Amino acid sequence: MEKQSVRIRRESAQAVVIDVQEKLFPVMNDPESLESRLRILLEGLQILGIPRICTEQYPRGLGKTLNSVTSLLEGVPVLEKVSFSCLGAPGFPEHLDGERRQVILCGIETHVCVLQTALDLLERGFVPVVCRDAVDSRNPEDKETALSRILRSGGIVTTTESLLFELLETAGSDPFRAISSLIK
């Protein structure tokens, strides 16, 4: 497998918020921590101008995206799907920016939709970047196994704080100050 760039760059990144829905969210292993990290990540990505896409798995059965997350996704396309991989959602491939090859993934469930999306992105030459503290599953073992598989397959696993500072690259700017205040 050809080695991809290991540095995550603002101009090369886009993000996908996967299935953070009303009926699925409460049964995650650690929903409070997940919601907190998602909010920090999404606010940070918004500050940095990173393009985002949101998906909803069968919203008639699992509900809509959580209000606390929706409030941070104004103007972001929300795509319904029944496939586990986001790439199977109608219109999803057209919303991916082919010039931005690093795709930040967050949401649920890590071992199903996040994993299958990451693997499909890898097959298409994208680099999935998974924020381990902004994804979750009902069972912690399922989450850790999926993260390990993504890493072994060529994806990048990081944390919200590490990712945001890597995208910033330097201190002393207004975005730096805004993101620093989010993390404190």
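Among T145, T55, the sequence by solvent-accessible area, most first, with a 1.4 Å probe is T145, T55. Kindly write out, for the range 42-59 in residue order, the coupling ³J(HN,Hα) from the Karplus curve 6.51 cos²θ - 1.76 cosθ + 1.60 (θ = phi - 60°), rounded to whole Hz, with x marking Gly and Pro. Couplings: 5, 5, x, 5, 5, 4, 7, x, 7, x, 9, 10, 10, 10, 10, 7, 6, x Hz. With the cut-off at under 16 Å, measuring from each backbone N in the range 11-33 to a point 7 Å along the Cα-to-Cβ line of L79 picks out 14-20. Heavy-atom surface analysis with a 1.4 Å probe gives the chain a carbon and sulfur content of 49 percent of its accessible area. The length gained on full extension between S181 and N139, counted as 0.36 nm times the residue separation minus their Cα-Cα distance, comes to 11.9 nm. Under 5 Å from the amide H of I53 lie the amide H atoms of A15, V16, V17, each residue being 5 or more positions distant or on a separate chain, with H modelled from the backbone and absent for Pro and chain starts.
Taking amide H as placed 1.01 Å from N in the peptide plane, the amide H of V135 sits under 5 Å from that of G107, each at least 5 places away or on another chain. Summary value for the range 1-150: 30 percent relative contact order, contacts being C-alpha pairs under 8 angstrom separated by 6+ residues. For the range 68-79, putting each phi into the Karplus relation 6.51 cos²θ - 1.76 cosθ + 1.60 with θ = phi - 60° gives couplings of 5, 8, 4, 4, 9, 10, 4, x, 8, x, 10, 10 Hz, in residue order, rounded to whole numbers and with x for Gly and Pro. Note that the chain presents 47 Å² accessible area per residue, ligands and nucleic acids not counted, probe 1.4 Å. Taking label points 7 Å from Cα along the Cα-to-Cβ direction, S148 and A171 give a separation of 3.7 nm.
The values are calculated or read from the model by the stated rules, or taken from the named source; none is laboratory data. The structure presented is a predicted model; accordingly, all values stated were derived computationally and were not measured. Glycine gets a Cβ as well: all are built from the backbone with ideal geometry, and neighbour counts include every protein chain shown. Just so you know, the surface numbers come from the protein's heavy atoms only, side chains and all, with ligands and any DNA or RNA stripped out. Shrake-Rupley method; radii C 1.70, N 1.55, O 1.52, S 1.80 Å.
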